[in-house]
Amino acid sequence: MTGGYPPSNYHDEDTEELVGYEVDMAKELVKDLDGDVKAEFVEMSFGSILESLNSDRIDVAMHSLSETPERAEQYDFTVPYFDKVWGIIVTENSDIQTLDDLDGKRAAQSVSTSSGQEAEELGGELVPIDDVDEAVKLITEDRADFYLGSDVGQQDYLDKQPEPLSVRVLDETVPDVPASLVVPKGSDELREDLNEVIIENTEDGTLAEIYDEYLGMDKSIEDFDEYLDEDE
């Protein structure tokens, strides 16, 4: 993980401790794995996370990662643990009211991400950015029209601003592929063990409690059947 993606994983401003709902979740999951297993967090840039699975630098990748056909060719994915939804930020006086209005508009997005791909599929013309600060700056300066990103990440960002920004979030959201843990290709035993503890901690309400603490809402997966292989 990057250690800079609140409220998923980030450093507490006072203690500098690594915190977030994914951090707490990882600590809970390893408790139920066989053997004396502890979660050791390795921080790196987002672009290095999946590559680090190939170099044995990490055993499991966790950073709100969704399965895509391209990623699935190189890595294995567990059952999902987090129900993701995309939100849309526009200026307060924007004429964008629904998703249909995004067609042909300028989208402030990181071009190599799933959010950037989704913005393009909605008809957006990408304006490259590095982070949400730059995206909001471009929107408020009328150099972009909208920013598509994680609904919980957007709300956390807006809530932490010292002064209200002249932007709003569309009522309409975009469904996203839920987040899973990622392991090296062929790690069947590890993947199955992780599947078991994810399902167990979802069904007993442990993950719901963690999500409620950080987000004030439950982002747990309701039904795992479609994500399990027939032999699991």
Problem - Hull volume in cubic angstrom per residue (convex hull over the Cα atoms of the stretch 32-71) - result: 110 Å³
Completion exercise
Computed ³J(HN,Hα) along the stretch 163-168: with the Karplus parameters 6.51/-1.76/1.60, θ = phi - 60°, integer Hz and x for glycine or proline, the list is 10, x, 8, 7, 9, 9
Handout entry: Least to most buried among Glu222, Glu213, Glu196 (fewest other Cβ within 10 Å first)
Key = Glu222, Glu213, Glu196
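With a 10 Å Cβ neighbour count serving as the proxy for reagent exposure, in which order, fewest first, do His11, His63 appear?
Details: His11 15, His63 18.
Final ranking by Cβ density, sparse to dense: His11, His63.
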Exercise for the section: Note the angle between two axes, namely the Cα long axis of helix 21-31 and the longest principal axis of the Cα atoms of the chain, as a number of degrees from 0 to 90, rounded to the nearest 10. Expected result: 10 degrees
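Given the chain, what percent of its DSSP beta bridges are antiparallel, to the nearest 5?
On the way: 21 of 26 bridges.
Of those bridges, close to 80 percent are antiparallel.
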Completion exercise
In nanometres, the difference between 0.36 nm per residue of separation and the alpha-carbon distance of Thr113 and Ser166 is 16.5 nm
Exercise for the section: Would you pull out the residues with amide H under 5 Å of Leu126's amide H, same chain only if 5 or more places away, H placed 1.01 Å from N? Expected result: Ala107
Handout entry: Nearest 10 degrees, 0 to 90: helix 206-215 Cα axis against the chain principal axis
Key = 30 degrees
Completion exercise
Residues meeting the amide H criterion for Met217 (H placed from the backbone, H to H distance under 5 Å, 5 or more places apart or on another chain) are Asp212
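Let me check I've understood the local charge: for Val42, count other residues with C-beta under 11 angstrom from its C-beta, Lys and Arg +1, Asp and Glu -1. What total comes out? If you can, show how the numbers build up before the last one.
Details: positive: Arg57; negative: Glu40, Glu43, Asp59.
The answer is -2.
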Problem - Glu22, Glu200, Glu141 arranged by Cβ crowding within 10 Å, fewest neighbours leading - result: Glu141, Glu200, Glu22
Handout entry: Local electrostatic count, Val132, Cβ distance below 12 Å [Lys/Arg +1, Asp/Glu -1]
Key = -3
Practice task
First check a/c for the stretch 1-73, with a ≥ b ≥ c the square roots of the eigenvalues of its C-alpha gyration tensor; if it is under 1.5, answer rounded, and if not, answer prolate when a/b is larger than b/c or oblate otherwise.
Solution key: oblate
Handout entry: the stretch 85-175 - Rg (one decimal) and Dmax (whole number), Cα, Å
Key = 11.5, 33
Practice task
Report the semi-axes of the equivalent ellipsoid for the chain in whole Å, largest first, where each axis is √(5λ) for an eigenvalue λ of the Cα gyration tensor.
Solution key: 32, 19, 17
Problem - For Ser150, residues with placed amide H under 5 Å, excluding near neighbours - result: Gly87
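Read the figures in this text as sums done on the coordinates, not as results from a lab. If you're wondering where the values come from, they're calculated on a predicted model, not measured in any experiment. Heads up, the Cβs are rebuilt from the backbone with ideal geometry, glycines too, and the neighbour counts pull from every protein chain shown.
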